[in-house]
Amino acid sequence: MAFLKLSIVLVLVVSIACCDGYPDRNIVGQDLGATVGQASDCCGICLGISGCYAYVWDSGVCYLKNATGPVSFKAGAIVGLPCEGLKKAGKQ
């Protein structure tokens with residue numbers, strides 16, 4: 001029973017910190033930096049960087065962004081918005 005409670009808490013923490021990604025999207029420009037990583041790593045990396053409001057994962061690289069737009073289509077890329085970033089300023 002304790003394991004089940006711990007699992008639920010961990011899922012809630014992850015869900016609160018990192019919102020869903022948006023597939024086949026890209027944020028044009030607005031780069032803070034880039035780092036190699038899995039798509040699942042990008043949100044946590046962005047949350048740890050001051051001024052990071054969004055990220056784009058593409059071909060094994062997390063591109064950290066200082067704004068949430070402009071957004072364009074890009075096959076295979078994923079745009080993610082950390083929930084903390086949405087609360088910071090909703091910068092676009």
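The values are calculated or read from the model by the stated rules, or taken from the named source; none is laboratory data. From a predicted model like this one, the values you see are computed outputs, not experimental measurements. Using ideal geometry, Cβ is built from the backbone for each residue, glycine included, and neighbour counts are taken over all protein chains shown.
Just name the residue that is nearest to the chain's Cα centre (by Cα) out of those in the range 18-53 that are farther than 17 Å from Gly69 by Cβ and among the β-branched types (Val, Ile, Thr).
Ile45
Could you give me the residue pairs with C-beta distances under 7 Å whose first residue belongs to the range 72-92 and is among the hydrophobic types (A, V, I, L, M, F, W, C), whose second residue is at pLDDT below 80 wherever it lies, and which are 6+ apart or on separate chains?
Leu81/Cys19; Cys83/Ile16; Cys83/Ala17; Cys83/Cys18; Cys83/Cys19
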